[in-house]
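All of the numbers you see were taken from the coordinates with simple rules; none came from a lab. This one's a predicted model, so the numbers in the text were calculated from it and none came from an experiment. Note that each Cβ is placed from the backbone with ideal geometry, even for glycine, and that neighbours are counted across all protein chains shown.
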Amino acid sequence: MPTAYNFHIIQDCLKCTFREHRLFCDLPREALSKLQSIKATSVYPKGTLLCLEGQAARGVYILCTGRAKLSTTSSEGKSIILRIAEAGEVLGLTATMSKTPYEATVETLEPSQANFISHLEFLRFLEEYPAVSMKVAQQLTHNCKCAYNEIRSIGLSNSVPERIAKLLLSWAEHPLDLPGKKKSQEIAIRVTLTQGEIAQFAGTSRETVSRVLSEFKKKGWLRIKGATWVVLNKPALEQLVTT
Amino acid sequence: MTSSDVIKDLYAGLPDKLRQELAVHEQAVTVPEGTALLQCGTYPQQLIILHSGSVETSVLVAGKPLSLGVAGAGRVFGLQSILAKTPTDTSVTCLEECQVILVPKKAFLDALRRNPQMYLAVAKLLSVDLQKAHGFLRRNGRRPGRRGTSIPRSRK
């Protein structure tokens, strides 16, 4: 049946075809049934703030489809993008686990479906199903790894082209599967961030991002068509990145 | 949170028999100032629970340590690496004489496998690590600047 905006809503976790490929959702059937009974499913347009840094934690969001930007505010009041969360991740975990305010603002980057579970229900869910706690521990381990990588990249004080190349390479790890893709070395990616947001990621200005991307295009390393970007020369980008 | 609280949380709900088994493996050690409890890039063989004293945690950046800050009693080190079976991201060095409780990796993982309810406490400990890392990013996030904005010629 055709759906509004071509958005396919996953209503039933037990019937979700993606769950085996997702870090959190690949749970035993019993736990999935419980998840189904405690979650509230909603679809959010691009730009929705799911939670705000400093806000008392109300619960977690399981990102079913779409992507979201996690950002925090530096001591100087500047916005720093911590990472981009992909479908299958649980957002608001640390705050919910430690009963502290949310430590990052989460904003959807595209129309997204998220399942909300309230703070108390989630903690009860974890206590009742150790397999869920294990998944949460795995996700937190992954998040810690990402945070340490980001810390290392801050310490490197590398150049802006290097940082942008690094971003492109990390996005290239989740390529788009485009029909009729001719050359195997071309990697298509979907970029829904604005140049201003990329600047927040790379710690530079929007103008510099624009200039660096133009340079990449001029060199034949990158092609941009709307939200679809194609990495044309991955080895060149890799060479630019020192770590 | 003290080291006793950490152990209490971690082992909460474990059968007495297993708790006693783990206690046999635990080793309380006093180490002098300057001891490297954990070294970046290595695989820790023990879970390290800081009982007293203070340590400095750091990450290696281009071969040089970048300090993440000072940690005190109750912090647990090596957990992330033991769980993910990957080399540790952080180094931990004693800033003074410290008392630590060491739990061998194998004994800990065995206990975890047999008692998955321990994962809840593990997740809480990992949340603390993540909050510390995010705190560092908040304090030291990249500042916009114009230095180094062009592609080096040699790499063209």
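If you place +1 on the Cβ of every Lys and Arg, -1 on the Cβ of every Asp and Glu, and leave all else neutral, what size is the dipole of chain A about its Cα centre, to the nearest 20 Debye? Kindly include the intermediate steps, with their values, before the conclusion.
Numbers: 31 positive and 23 negative charges, 154 e Å.
Here the size comes out at about 740 debye.
Tell me the trypsin sites (Lys or Arg not before Pro) within segment B:85-137 that lie in a loop according to DSSP and have at most 10 other beta-carbon atoms within 10 Å.
Those satisfying the criteria are B:K85.
Counting only chymotrypsin sites (Phe, Trp or Tyr not before Pro) that sit in a DSSP loop (anything but H, G, I, E, B) with at most 13 other Cβ atoms within 10 Å, what is the longest stretch of chain A containing none of them?
A:19-243
Run the numbers for A:H174 and A:Q239: contour at 0.36 nm per residue of separation, minus the present Cα-Cα distance, in nm.
On the way: separation 65, 0.36 × 65 = 23.40 nm, distance 1.99 nm.
Full extension from A:H174 to A:Q239 adds 21.4 nm.
Using the Cα centre of chain A as origin and beta-carbon charges of +1 (Lys, Arg) and -1 (Asp, Glu), tell me which of A:G220, A:Y44, A:I187 is placed farthest towards the positive end of the dipole.
Final value for the positive-end residue is A:G220.
Can you give me the relative contact order of chain A as a percent, contacts being Cα pairs under 8 Å and 6 or more apart? Mind dumping the intermediate values first?
Numbers: 381 pairs, mean separation 43.6, N = 243.
About 18 percent, as a whole number.
Please identify the GluC sites (Glu not before Pro) of segment A:167-237 that satisfy two criteria: DSSP loop assignment and at most 16 other Cβ atoms within 10 Å. Which are they? Display every interim value, and only then the final one.
On the way: sites: A:E173, A:E186, A:E197, A:E207, A:E215; in loops: A:E173, A:E186.
Sites meeting the loop and neighbour criteria: A:E173, A:E186.
Identify, among A:P101, A:N115, A:V90, the residue whose Cα sits farthest towards the positive end of the charge dipole of segment A:71-191, taking +1 on the Cβ of Lys and Arg and -1 on the Cβ of Asp and Glu, with the dipole about the Cα centre.
A:V90
Can you give the FRET efficiency for A:E128 and B:E26, using 1/(1 + (r/R0)^6), R0 = 30 Å, r = Cβ-Cβ distance, to the nearest 0.05?
Numbers: r = 29 Å, r/R0 = 0.96.
In this case the efficiency is close to 0.55.
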